[in-house]
Structures are given as structure tokens and as C-alpha cells.
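Please treat every number below as a calculation from the coordinates, not as lab data. Not measured: the values here are computed from a predicted model. Ideal geometry is used to build each Cβ from the backbone, glycine not excepted, and the neighbour counts take in all protein chains shown.
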Amino acid sequence: MEIPNIHPQSQGEIIAETKKVWQELAGYLSQLERMDFYKKVNDEVWSVAENLEHLILSTKPLTDGLKVPKLMLRAMGKPNRQLRDFQEVAGRYREKLAAAGDIRQSNFGPKVNLEDSIEDRVKLWEETGAQYFDAIAAWKEDELDKFLMPHPLLGKMIVREMLFFTLYHTYHHLDIMKNRAEMGK
């Protein structure tokens, strides 16, 4: 996937761009047929439903982390380097992902229930987003650059970088979902 040509910087820009891709993903899923949502092209790749579940699973711990007292985050240490912008975070993730190989069985590996409707999964996606956006909004702009959070692949990241990552990660999996649905036709 080509990295979207965006350069969000402020908290408001990050939230706006993330809401945009979140809504795009929900809209995309809502127009899918059930078969296309759950169909696996092969055993080596996730279905659209599994990609969505992965996004939900990976967003929840970040949302929870954004809600912990900042004093607890201070235990991670203080940032000791320059902030990476959105493009740098996206590029670093792509490099680490390529070097890591198959990480589909990680803690964020999806397990879907084939009896769930697309509508129910989209509703859960939207609820997950609402909680995530509320958690971000509780932070002050300058606080986003003062605290670190752990990322399972990228290590310690500045909170603003984690928001960049989540934005990119959503674009990344939306692109994968669209490709998987097209491959299955």
C-alpha cells in the first residue's frame, strides 16, 4: 500500500483524519456481501472479517492505555528523541513488519464468529472508534509529546506517534480488505 499523502500534526488533525478513515472503512464494510466479508482467499491470509477483528483487537489496548493515569505512563520513561511524523511512523512500521515476517498469530490475531452479522461487526467497529476518540480527546495537545507507550512491534513510542500509527494501521488494513475482497471475486 502506498502511504496516504497526509501530514496530520495537531491532535485535531489526527482525530479528523482518523475519523475519516474509520468512516470509510465502516462504509466499505457495510456494502459487502456476507460471503465476501468472511471468505478466505487462502489459509495464508486473513479474510476481511479477520482484518476488521484485528483492528478492533489492536485498538482496544491503546484506548485503555490512553485512559490510564499519566503518572503510570511516566514509568515508561520520557521521550529521548525527536518526534517522528506520520510518514516516518508509517515507513518504520512497514520496515519492521517486513522484517518480522508472518505475525498473524500474534496477540492481536483475530478469531471471528461466522454467525456475527456484518452490521454487528460494523457497530462494534464504530463503538470501538467512539471510545478511542473519547480517550484521545481527554489529552491536552502538549501531553501527546511528553509520554511514551509500548507498541508490540515498534517498541516505545511517543503517544502522538501511537496515534499516527493507528491512523496508518487503519489505512493499511482497509487497503488489505479491499484487495482481499477483489481477489475473492
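Figures for the structure shown
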item: Segment residue 100-residue 24, length gained on full extension (0.36 nm per residue, minus Cα span); result: 24.5 nm
item: C-alpha long axis of helix 159-183 to longest principal axis of the chain, angle in °; result: 10 degrees
item: Test item: Cα-centred dipole of the chain, Lys/Arg +1 and Asp/Glu -1 on Cβ, debye; result: 640 debye
item: Rounded to 10°, Cα long-axis angle of helix 48-67 versus longest principal axis of the chain; result: 20 degrees
item: Dipole axis of region 11-183 (+1 Lys, Arg; -1 Asp, Glu on Cβ), positive-most option in 154, 23, 114; result: 154
item: For region 11-183, the Rg and Dmax computed from alpha carbons only, in angstrom; result: 16.3, 48
item: Fully extended contour minus Cα-Cα distance, from residue 114 to residue 9, at 0.36 nm per residue; result: 33.9 nm
item: Among 97, 82, 168 - extreme Cα towards positive end, dipole of the chain, charges at beta-carbon; result: 82
item: 22, 139 arranged by Cβ crowding within 10 Å, fewest neighbours leading; result: 139, 22
item: Of 111/156; 96/156; 70/146; 19/39; 78/140; 78/156, those spanning more than 20 Å from alpha-carbon to alpha-carbon; result: 111/156; 19/39
item: Degrees separating the helix 11-30 axis from the principal Cα axis of the chain, which is the longest one; result: 10 degrees
item: Packing-based exposure ordering (other Cβ within 10 Å, fewest first) of 21, 112, 68; result: 68, 112, 21
item: For 173, 7, order by how many other beta-carbon atoms lie within 10 Å, fewest first; result: 7, 173
